[in-house]
1. Looking only at the stretch 387-431, filter to residues that are of a type in the set (A, V, I, L, M, F, W, C), in contact with a helix residue (DSSP H, G or I) (Cβ under 9 Å, 6 or more places away or on another chain) and assigned to a helix (DSSP H, G or I); which one of those is farthest from Asn366 (Cα to Cα)?
2. If you go through the stretch 249-271 one residue at a time, how many are within 13 Å of the chain's Cα centre (by Cα) and surrounded by fewer than 23 Cβ atoms within 10 Å (Cβ to Cβ)?
3. Within the stretch 81-101, is even one residue outside the structural domain of Arg306 (by TED's automatic domain parsing), modelled with pLDDT under 95 and part of a helix (DSSP H, G or I)?
4. Every residue in the stretch 278-297 that is out of contact with any helix residue (DSSP H, G or I) (no Cβ under 6 Å at 6 or more places or on another chain) and in a strand (DSSP E or B), please.
5. For the stretch 3-22, check the following and say yes or no: at least one residue is part of a loop (DSSP other than H, G, I, E, B) and touching a residue at least 24 places away in the same chain (Cβ under 8 Å).
6. When you scan the stretch 125-149, how many residues do you find that are assigned to a helix (DSSP H, G or I) and in contact with a helix residue (DSSP H, G or I) (Cβ under 6 Å, 6 or more places away or on another chain)?
7. If you scan the stretch 132-151, which residues turn out to be touching a residue at least 12 places away in the same chain (Cβ under 8 Å) and either more than 15 Å from Gln187 (Cα to Cα) or outside the structural domain of Pro200 (by TED's automatic domain parsing) (or both)?
8. Report yes if some residue within the stretch 209-218 is buried (at least 22 other Cβ atoms within 10 Å of the Cβ) and polar (S, T, N, Q); otherwise report no.
Amino acid sequence: MNPLVKQLNETIQQQNPHVFDMLSPLGKAIYFPKEGILSQSAEAKSKAKAYNATIGIALENGQPMHLKVIQDTLSAYAPKDLYEYAPPAGKPELRKAWRSKMIVENPSLAGKGFGNPVVTNALTHGLSIVADLFAGPGDAVIYPDKNWENYELTFGIRRGAELVNFPLYNESVQFNAEGLKEAILAQRDKGKAIVVLNFPNNPTGYTPTAEEGYEIVAALLAGAEAGINIVAVTDDAYFSLFFEGSLTESLFGQLAGLHPRILPVKVDGATKEEYVWGFRVGFITFASESEAMLNALEQKTTGIIRATISSGPHPSQTFVLQALQSPDFEAQRLEKFQIMKARANRVKELLDSSKFEGAWTYYPFNSGYFMCLKLSTVDAETLRVHLLNQYGIGTIALGSTDLRVAFSCIEQEHLEDLFNKIHQGVQDLEQVAATK
């Protein structure tokens, strides 16, 4: 065994043996090499004053070599902030700025122990790191029945975990905290569970209320008190897009320091929060009262990054950092938030009118990018194809009854026409069925 692996594993075992038991075989084996090319290059960068012949980039005139045709389009940025490799854990200034942002937006983190965010290649990469570190064959990964389909690929197909679903809503059409609790407690024999909490939810656009948030935390605590080690993952892809009557913080803050058998992991990013989908800048953050534990988990995370993508793109990290540091950032983000909120409110106004009665109901939504119709009379996939072919409208069919509509990408003045056409599509299919 590599001495670094042994040291990291011993640290984790000493600080919290429950967390060590949460690690997958890969999670126990991974480490970040401290005596390889990167570490030697870092040492040379600070000491090699004559010539630094260590790392695989090209220099010219004292700065990273670059093509004028590229630099001309990026002339506002210094070449050193674009062309050099970013560190595997991410640009240090960006990590610090994102951590400060987390504290401002999540007051429940006050006084809690949590690490420095590690930069990922957006949210999917962050979840993949979670799977690599903690998910192994047969491990239970728990999340609602209404979910982002990539969870199955990330945890099930890639890592062989057992996917455990529970109904998102209870009979009162509120978050089904009791169902979550039952799913967790069903893992007593395994002694381990990975719980993924995605709010605002994709595909429904639902975020729990404050009371429901307490119930969710209580469900995880019940599992921990029953002797189950829980990796509690908050997938905060759509964080900050909270429009009405919901939590406005990540549950990461309430889960931090809650119980030794609960390891909170926050996965978030600039992707949706700053409307930079193509930049692929995300973060993964661990909570623990032990600095030694946080350092060990960061080293293992960085080892995963080094072994897969080596490091994330430097230019997009620079762009996000500059945005976070701009005095206009918050005002501009609020402006976009208001546009998104107005679209959500307009959708709700349309759906609460009586004109679509009988065609569908809709699942509660109060946040995010999406909402879901529950079709009453026609099949969702049949309707999806009909809308696409007959009206040029794209939607997402989920199962036999649910149709996801992304109001985020529809201008407010077009929303009524959109839902009118969806309704017409339903009527078309009803007429066809009636003639058979």
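The values are calculated or read from the model by the stated rules, or taken from the named source; none is laboratory data. A quick note: this is a predicted structure, and the numbers were derived from the prediction, not measured. Here the Cβ positions follow ideal geometry from the backbone for every residue, glycine too, while neighbour counts run over all protein chains shown.
1. Step one: filter the stretch 387-431 for residues of a type in the set (A, V, I, L, M, F, W, C), giving 387-388, 393, 396-398, 403, 405-407, 409-410, 415, 418-419, 422, 426, 429.
Narrowing further to those that are in contact with a helix residue (DSSP H, G or I) (Cβ under 9 Å, 6 or more places away or on another chain): 387, 393, 396-398, 403, 405, 407, 410, 415, 418-419, 422, 426, 429.
Then drop every residue that is not assigned to a helix (DSSP H, G or I), which leaves 387, 407, 415, 418-419, 422, 426, 429.
Values: Leu387: 26, Phe407: 12, Leu415: 17, Leu418: 20, Phe419: 18, Ile422: 21, Val426: 25, Leu429: 30 Å.
Here the residue is Leu429.
2. Of the residues in that region, 1 qualify.
3. Yes, the stretch 81-101 contains at least one residue that is outside the structural domain of Arg306 (by TED's automatic domain parsing), modelled with pLDDT under 95 and part of a helix (DSSP H, G or I).
4. Residues of the stretch 278-297 out of contact with any helix residue (DSSP H, G or I) (no Cβ under 6 Å at 6 or more places or on another chain): 278, 285, 287, 289, 291, 294-295, 297.
Across the stretch 278-297, the qualifying residues are Thr285, Ala287.
5. Yes, that holds for at least one residue.
6. First, pick out the residues of the stretch 125-149 that are assigned to a helix (DSSP H, G or I): 125-134.
Next, from what is left, pick out any that are in contact with a helix residue (DSSP H, G or I) (Cβ under 6 Å, 6 or more places away or on another chain): 127-129, 131-134.
The number of residues fulfilling the criteria is 7.
7. Asp132, Leu133, Phe134, Pro144, Asp145, Lys146, Asn147, Trp148, Asn150, Tyr151
8. Taking every residue of the stretch 209-218 in turn, none turns out to be buried (at least 22 other Cβ atoms within 10 Å of the Cβ) and polar (S, T, N, Q).
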